[in-house]
Amino acid sequence: MKPTLGEFEKLALEHIDMVDRVARTLTRNSAEADDLVQETYLRALQAWSSFDLRSFGIRPWLLRILHNIHITRSTREAKQPKAVEAEQLQAFPEPGEAAASRWEPTEQLDKALDRLPVELRTALTLWAVEELSYQEIAEAVGVPIGTVMSRLHRARQRLRQDLPEIAARIQSTGNRR
């Protein structure tokens, strides 16, 4: 079913908060997330005539656009040189200096998620935060459902290695579809 432009805009805007949440989770940066959401909706509006309303609705289609833009940007940025600020260099402990024995779960989890490849982080975010089904995730990122399952498995494995306590909680809900 092809919606009119007005119907399309209404459908798309109903999901702007969800698209924004996913963008913020993926980018970990408010300004980048805002740009990502804006470009997602710009591209969606440019392609509205090719949108065909299916059983999953517009949500996976918007997330697929968001995902594609994010992957393209991440790939481009990974090729760029990175500057290191003096404060960051001074934050590294001196050789032989003991690391802090206590850790902050939120900070630790954020760092572990940042270390995940973008494909794994995207799948985990859509599943754990947005509670999309495996099929919806597959539709959103344009991969087979088996690939989604594999990415979630690998993401949980990496978190289990980096954060045994947090990963155990994530793993315990791993059978939800």
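The values are calculated or read from the model by the stated rules, or taken from the named source; none is laboratory data. Note that this is a predicted model, so its numbers are computed, not measured. So basically every Cβ, Gly included, is an ideal-geometry build from the backbone, and we count neighbours across all protein chains shown.
Odds and ends about this structure:
- Condition met for ALA12 (at pLDDT 80 or above, over 21 Å from VAL129 (Cα atoms) and surrounded by 10 or more Cβ atoms within 10 Å (Cβ to Cβ)): no
- Applying the condition of being in a loop (DSSP other than H, G, I, E, B) and among the small types (Gly, Ala, Ser) to the stretch 43-62 and asking which residue is surrounded by the fewest Cβ atoms within 10 Å (Cβ to Cβ) yields SER55.
- For the stretch 1-21, residues that are of a type in the set (A, V, I, L, M), assigned to a loop (DSSP other than H, G, I, E, B) and touching a helix residue (DSSP H, G or I) at 6+ places or on another chain (Cβ under 8 Å) total 0.
- Tally of residues being touching a helix residue (DSSP H, G or I) at 6+ places or on another chain (Cβ under 7 Å) and in contact (Cβ under 8 Å) with a residue 12 or more places away in the chain across the stretch 22-51: 16
- Only one of ARG169, ARG177 that is basic (Lys, Arg), at pLDDT below 90 and part of a helix (DSSP H, G or I): ARG169
- The stretch 128-146, subset assigned to a helix (DSSP H, G or I) and in contact with a Lys or Arg (Cβ under 8 Å, 6 or more places away or on another chain), residue farthest from ARG54 (Cα to Cα): VAL129
- Applying the condition of being hydroxyl-bearing (Ser, Thr, Tyr) and over 30 Å from GLU7 (Cα atoms) to the stretch 48-104 and asking which residue is modelled with the highest pLDDT yields SER74.
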